[in-house]
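Notes follow the structure.
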Amino acid sequence: MIWASARGCRVTDGEGREYLDLSAGFGVAALGHRNPRVMAAIGEQRVVHALGDLAEAEATVRLRHALPSPAKLGLSGEDAVEIALRTALLATGKPGIVAFEGAYHGTGLLALAATGLERFRAPFAAWLPGPVYRFPFGEDPGPLPVDAGCVIVEPIQARAGARVPPDGFLDLLRKRCDKAGALLVADEIYCGLGRAGEMLVSGELADVYCLGKALGGGLPLSAALFRSGLERAWELGPEDVYTHTHSGTPLACAAALVVLDEVPRLLSEVKRKGEIFARAGWQGAGLMRARRGDAAKALERGVIVVPAGLGNELISATPPLTISDEEIEEALGLLEGC
């Protein structure tokens, strides 16, 4: 399938067939495809590309001021995870990573080491860094290993099928980290920025928050947000030792400023619309939902969903946060029996 055009919650393929998009492009189009404010912000930029960590564009500086805490910017969610895990090593001197079964943190080698889905890990097992200690999601890992520099967790597991942990799980992890002198890393790349009805699902519990997907409004952008003072762990000399040519690209930063302005006004509606999915038997929170189903059959019926679950036995719905009640009901009707 080739996407020829996309607007709001609708996608048209190369043959002219229209689909309802319940994927939002893996959660990226939180404000809908080709959101007018996002497109205008991109078009207004007088700098398309600056000089990364040596000379930032004005839009990049404005984004840094708009974020709730100091940040190191990346291009993908995996970048944000990489930054977070490296921060833990720099800050604690301990290389161990505590992670969870069913987690998906990206496919770069360090993020893949923390990822709990074996189908992604197995082909590259010989190259994966460590040590990584893996525990069942939602359960108390107990006292952390002595060499654990961090615990990384998705507050709601995305790829595993919108899995919500028991109440108190994140608080328990915070206590385990405090006792062990480890950092708590919240991977909110999918569930954050309004997807589950909160700007940050983990609230103020984490030391590092990983953001991505929706942040760039459709353009590649991610961020690792640091507890105040933690950013100093990266003061390693005059040259940035972790950077990309396109880090903080001004077009994406301009779009992100729109996202950060618009999403807070949608949170209550996200929770309300999520209840429509819940009543139809979809698990999860807000507009991060999953149930058993067949993504290929859904596509045949004109609905775009993404395979999910530990064995791809589920379908995932992460539609634009701007989806209307009528579009939800239309999609759910088309998916009946699928």
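Readers should treat all values here as calculations from the given coordinates under stated rules, not as data from a laboratory. Keep in mind that what you see is a predicted model, and the values were worked out from it rather than measured. Cβ sites come from the backbone with ideal geometry, for glycine too, and all protein chains shown count toward neighbours.
Points to keep in mind about this one:
- HN-Hα J in Hz across the range 126-135 - Karplus 6.51, -1.76, 1.60, θ = phi - 60°, x for Gly and Pro: 5, 9, 6, x, x, x, 10, 10, 10, 10
- Residue 46/residue 18 FRET efficiency (R0 30 Å; Cβ-Cβ; nearest 0.05): 0.25
- For residue 306, residues with placed amide H under 5 Å, excluding near neighbours: 316
- Unsatisfied cross-links (Cα-Cα over 27 Å) in the set 175/271; 94/271; 94/175: 175/271; 94/271
- If you run the Gaussian network model on the chain, springs between alpha carbon atoms under 10 Å, then out of 266, 112, 287 the most flexible one is 266.
- Karplus (6.51, -1.76, 1.60) ³J(HN,Hα), θ = phi - 60°, over the range 196-201, in Hz, Gly and Pro reported as x: 9, x, 9, 5, 10, 4
- Placing pseudo-labels 7 Å out from each Cα toward the beta carbon at residue 243 and residue 330 gives an inter-label distance of 4.7 nm.
- Residue-wise HN-Hα coupling along the range 219-226, computed from phi with Karplus coefficients 6.51, -1.76, 1.60 (Hz; x: Gly, Pro): 10, x, 6, 9, 8, 9, 9, 10
- Inter-label distance, residue 299 to residue 109: 3.2 nm, where each label sits 7 Å from its Cα along the C-beta direction.
- You can think of it this way: the chain between residue 66 and residue 235 has 58.6 nm of extra reach, that is 0.36 nm per residue less the Cα-Cα gap.
- Cα centroid of the range 57-97 to Cα centroid of the range 303-338, whole Å: 32 Å
- Distance (nanometres) between label positions extended 7 Å along Cα→Cβ at residue 171 and residue 124: 3.7 nm
- Annotation: amide H of residue 105 within the under-5 Å range of 115, 116, sequence separation 5 or more or interchain, hydrogens built in the peptide plane.
- The range 156-226: C-alpha gyration tensor shape, a/c 1.5 cut-off, then a/b vs b/c: oblate
- Rounded to the nearest 5, the antiparallel percentage of DSSP beta bridges internal to the chain is 60%.
- Among the listed options (i) 54, 49, 38; (ii) 56, 45, 38; (iii) 79, 40, 32, the one matching Cα extents along the principal axes in Å as calculated from these coordinates is (i).
- A straight Cα-to-Cα reach below 13 Å connects residue 273 with the aspartates and glutamates 325, 326, 327, 329, residues fewer than 8 places away in its own chain not being considered.
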